[in-house]
Each structure stands twice: as C-alpha cells, then as structure tokens.
Amino acid sequence: MDESSTDERAVRSRRLWTAAIVLFVALEGLGLQMRGPLLPILETEWGISKSLQGLVSPAGTLGFALTVLGIGAVAGRVDTRRYFFAGVALTMVGVVGMALAPIFVAYLGFLVVRGLGTGVSRGLDRPLLGHLYPNARGRVFNLYDMAWAVGAAAGPAVLSLAVAQGDWRYAYGGLAVAFGLVALLVWRLRPPEVDAEAQLDIGAAKALLQMPAVAATTIALVFHTGLEGAMFIWLSTFGREIAGFSQETASLLLSVFLVAYVPGRLVYTIIAERVGYGPLVVILEVLIVPTFLWTFFVADGLATFAGVAVLGALVSGIFPTLLAFGTQVAPEYSGPINGLTTATASVSIAIVPVAMGVLADASSIRSAMWIPLALTLLVAPTVVIARRIDPNI
C-alpha cells in the first residue's frame with residue numbers, strides 16, 4: 001500500500017471516529033436534558049416529592065463517576081474501540097430500561113445503568129479527540145461540547161413532542177434506537193490510528209495531582225458543575241413556580257439556556273487559543289455572577305428568558321476551556337486527566353441538585369438558587385491562584 005493510500009485511510013478513520021464521538025455525545029446530552037422537564041410529569045404520575053426528585057441527578061452520576069474515573073486511569077491499556085462500543089451498548093440498555101420503568105425506583109436503577117455505560121465511553125472519547133487533533137485541543141474540545149449542547153437543547157423539545165404524542169416513554173424509546181445506531185457504527189470502525197496514551201502508574205498519578213493546572217481544573221470544575229447541574233435539573237421548576245410560566249413554557253426556559261450553548265461554544269472555539277484558557281475562564285466568570293443575580297433575583301416574566309439566554313452563552317465556555325487548561329500541561333495523560341476531572345466534577349452535579357431540592361421543600365426554589373451562585377464565585381479565584389503558582393499556564 002503506497003503512502004498516499006495510507007494517509008487517505010488515516011484521514012477517513014479520523015473523520016469516522018470524530019463522527020461517532022460527536023453523535024454519541026449529542027445523544028448523551030439529549031437524554032440528560034430530558035430529565036429536568038420530566039420531573040413535574042413524574043411528580044404527577046408517581047407522586048414523588050421534590051426531595052425525591054433531587055435523587056435523579058445522583059442516580060445518573062453514581063455509575064458515571066465510577067466508570068469514567070476507572071476507564072480514565074487505564075486509558076493507555078485498553079482497546080479503545082471495544083470499550084467505547086461496550087459503553088454505548090450499555091448506555092442503550094439503560095435507556096431501554098428507563099423507557100419501560102413501571103415505578104420511580106426502577107427508573108432510578110436504570111438511570112444508574114445508563115450512567116455506567118456513558119462513563120465508559122465518555123472516559124475515552126475526549127482523550128481520543130485530543131490525540132486525533134493534538135494541535136487544537138481547545139478548539140476541538142469546544143466543538144465536542146457544542147455537539148453536546150445541540151443534543152441537550154433538543155432534549156426538552158423531544159420530551160415535549162413525546163408527551164404530545166401520548167407518553168413520555170416514546171422519547172426514551174427513540175433515544176435507545178439512536179444509541180443502537182451509534183453502537184453499530186463503532187462496531188464497524190477500525191481501531192483509531194493515534195499515538196498511544198501513556199500508561200499511568202502511581203508515580204505519574206502523584207505528579208499529575210501536583211501540577212497546578214490539573215489541581216485547579218479539578219477543583220474549579222467541582223464549583224462550576226454545581227451551577228450547571230442546578231440549571232439542568234431545576235430551571236424548568238423555577239420557571240413554573242417562580243416566573244409563573246406554564247409547564248410547556250417553563251420547559252422552553254431550559255431549551256433557551258441550552259440553545260445558547262451552541263453559539264457560545266462556537267465563539268469560544270474561535271477565540272480559546274487566542275485569548276488563552278485561563279484568562280478566558282476568568283473573564284467568563286466575572287460576567288456570569290451579575291448575570292445570574294439579575295436573572296434569578298431581579299428579572300420577571302419574559303425578561304427571565306433574556307437572562308437565561310445570556311447566562312447559557314457565558315456558562316457554555318467554562319467546562320471545555322477548563323478541561324483544555326488542565327490537559328495542556330500533560331497531553332500524554334489526557335485519559336487520566338479527563339477521568340479525574342470529569343468524575344470529581346460529576347460529584348457536584350449530583351450533590352448540588354439534591355441540596356437544592358431539600359432547601360426548595362423547606363423554602364422555595366429561588367432561595368435554593370443561592371447555592372450554585374456561591375459555588376460559581378470560587379471558580380475564577382481557583383484559576384488565578386494556579387496561574388500565580390505556575391505563570392506558564
């Protein structure tokens with residue numbers, strides 16, 4: 001086989017792997033964002049309190065955190081194609097179970113199964129992209145998360161369409177079929193042609209944790225994802241109970257928040273390499289705080305939509321840019337870094353909505369919004385301190 005044929009095969013393989021990853025993460029975002037608008041429906045159908053509704057987030061995170069951390073730690077030792085396929089297939093099984101769940105406990109159980117599968121694939125997909133596009137991690141990570149945002153923005157609309165057709169379960173049935181198609185695509189792909197991920201040992205793990213950029217990324221993502229988790233689970237409830245919207249309009253509030261991720265991440269894809277990862281995160285956080293305060297404690301009625309749109313555009317740049325900030329210092333360990341940061345961040349996604357549910361039961365969902373606001377205040381100082389310690393990041 002001549003050199004040109006080999007190059008063409010490598011380019012085609014890279015494109016197909018990119019397509020598979022993008023499709024998977026878009027569907028993962030779609031399924032994730034059906035949960036928030038579904039809660040009022042489950043409250044009516046199964047008679048569950050807000051405190052119990054808050055368990056949806058940790059159930060989805062429990063399995064995910066375990067597998068994304070485990071796969072990240074051994075990313076340099078596993079067969080990427082085989083494990084990625086297994087993750088997509090297990091995700092499909094979980095979604096099928098959620099569609100057929102007769103009671104809330106069963107729904108939560110299959111949500112854990114789905115998280116286990118998603119964690120396996122998510123533990124491999126971003127590091128794989130980083131190796132496929134080693135000179136543009138900030139750009140490709142923002143594009144990856146833009147694909148997630150496109151799917152996530154469609155989630156509430158897909159659920160609303162299923163409800164209009166007679167049953168919320170139709171949405172999960174369609175999602176399961178879509179995951180099945182992605183699994184089939186991955187099964188037919190050749191193993192990705194990339195430089196091998198370095199194998200992590202105890203010494204390398206200690207060295208990674210001592211790097212200011214990696215430590216700051218891990219800590220800052222815990223603070224930041226608390227805000228995102230709060231929006232994903234409780235924004236529709238806020239719109240219904242505080243802003244006074246109907247259930248359909250309140251679901252659109254979450255859609256607007258997520259739709260704003262798409263142009264936001266498109267912009268950050270263009271400017272991330274020019275501005276720098278650390279400075280970009282700090283600038284965005286300085287803008288997020290007043291926007292959050294105005295949206296949830298000042299704005300009223302339809303003005304809430306404007307605030308939510310601006311907030312979504314600003315928030316959308318934090319997660320992928322922080323991951324690029326941490327990965328840049330040790331790209332050969334992108335799997336472990338991705339696993340560590342994603343798993344620890346998912347803890348905040350799980351815990352914050354639960355705490356908010358308890359406070360909302362005791363007071364109101366508006367009072368509960370102080371929790372994510374307090375957390376997001378800590379993101380910028382964390383990044384600034386890391387850059388003071390290591391000016392080269």
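The values are calculated or read from the model by the stated rules, or taken from the named source; none is laboratory data. Small disclaimer: the values here were computed from a predicted structure and weren't measured. With ideal geometry, Cβ positions are generated from the backbone for all residues, glycine too; neighbour counts draw on all protein chains shown. Just so you know, the surface numbers come from the protein's heavy atoms only, side chains and all, with ligands and any DNA or RNA stripped out. Shrake-Rupley method; radii C 1.70, N 1.55, O 1.52, S 1.80 Å.
Does Val22 satisfy being farther than 30 Å from Arg240 by Cβ, in a loop (DSSP other than H, G, I, E, B) and either in contact with a His (Cβ under 7 Å, 6 or more places away or on another chain) or open to solvent by 10 Å² or more (accessible area, probe 1.4 Å) (or both)? No: the conditions fail for Val22.
If you go through segment 49-69 and pick out every residue that is out of contact with any Asp or Glu (no Cβ under 7 Å at 6 or more places or on another chain), at pLDDT below 85 and not aliphatic (A, V, I, L, M), you end up with 6.
For segment 355-372, the count of residues that are within 30 Å of Tyr133 (Cβ to Cβ), surrounded by 23 or more Cβ atoms within 10 Å (Cβ to Cβ) and not assigned by the TED database to the domain that holds Ile71 is zero.
For segment 105-118, the criterion of a residue being more than 19 Å from the chain's Cα centre (by Cα) and farther than 24 Å from Ser51 by Cβ is satisfied by no position. Would you confirm whether any residue within segment 33-43 is at pLDDT below 85, among the β-branched types (Val, Ile, Thr), surrounded by fewer than 18 Cβ atoms within 10 Å (Cβ to Cβ) and in contact with a Leu (Cβ under 9 Å, 6 or more places away or on another chain)? The answer is no; no qualifying residue exists.
What residue, among those in segment 287-304 that are in contact (Cβ under 8 Å) with a residue 40 or more places away in the chain and under 22 Å from the mean Cα position of the chain (by Cα), is farthest from Ile385 (Cα to Cα)? Give the derivation first.
Residues of segment 287-304 that are in contact (Cβ under 8 Å) with a residue 40 or more places away in the chain, as a first pass: 288-289, 292-293, 296-297, 300-301, 304.
Keeping just the survivors that are under 22 Å from the mean Cα position of the chain (by Cα) gives 288-289, 292.
Working: Ile288: 19, Val289: 19, Phe292: 24 Å.
Only one residue tops the list, namely Phe292.
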